[in-house]
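Here is the structure we will look at.
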Amino acid sequence: MSFEVRYEPAYTQEVVEWANAILDDRPVPVPLRSSITSLRVATALQEALATGRKIYFTKDGVRKDLTENL
């Protein structure tokens, strides 16, 4: 089973909860920082899949540029 198929219901539910919170003027279910970090990781996973290269992050979710230590 592919990643997308396996986790699609969870992502769909998260989007629905976000939209409902915004429309109903309620607090969002997940902190914005956490959502942004998740989006960065998901985007990097797509890039890694497309390029075949590994992409690294710090423990804080910041993408590491491996060339900076060369």
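The values are calculated or read from the model by the stated rules, or taken from the named source; none is laboratory data. A quick note: this is a predicted structure, and the numbers were derived from the prediction, not measured. For neighbour counting, all protein chains shown are included, and Cβ atoms are generated from backbone atoms with ideal geometry for every residue, glycine included. Please note that ligands, DNA and RNA were not included when accessible areas were found on the heavy atoms of the full protein model with its side chains. Shrake-Rupley method; radii C 1.70, N 1.55, O 1.52, S 1.80 Å.
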Worksheet item: About its Cα centre, how strong a charge dipole does the chain have in debye, to the nearest 20, once Lys and Arg get +1 and Asp and Glu get -1 at the Cβ?
Response: 360 debye
Worksheet item: Considering only protein heavy atoms, what per residue accessible area in square angstrom results for the chain with a 1.4 angstrom probe?
Response: 89 Å²
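Please report, as a whole percent, how much of the solvent-accessible surface of the chain comes from carbon and sulfur atoms (probe radius 1.4 Å).
That fraction is 59 percent.
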Practice prompt. Go through Leu23, Ala10, Thr37 and say which Cα lies farthest out towards the positive end of the charge dipole of the chain; charges sit on Cβ, +1 for Lys and Arg, -1 for Asp and Glu.
Written response: Thr37
Discussion item. Using only Cα atoms and rounding to the nearest 10 degrees, what angle (0 to 90) does helix 32-51 make with the longest principal axis of the chain?
Written reply: 50 degrees
Worksheet item: To the nearest whole percent, what portion of all C-alpha pairs in the chain is separated by more than 13 angstrom?
Response: 74 percent
Discussion item. To test your reading of the geometry: what angle, between 0 and 90 degrees and rounded to tens, separates the Cα axis of helix 3-23 from the longest principal axis of the chain?
Written reply: 50 degrees
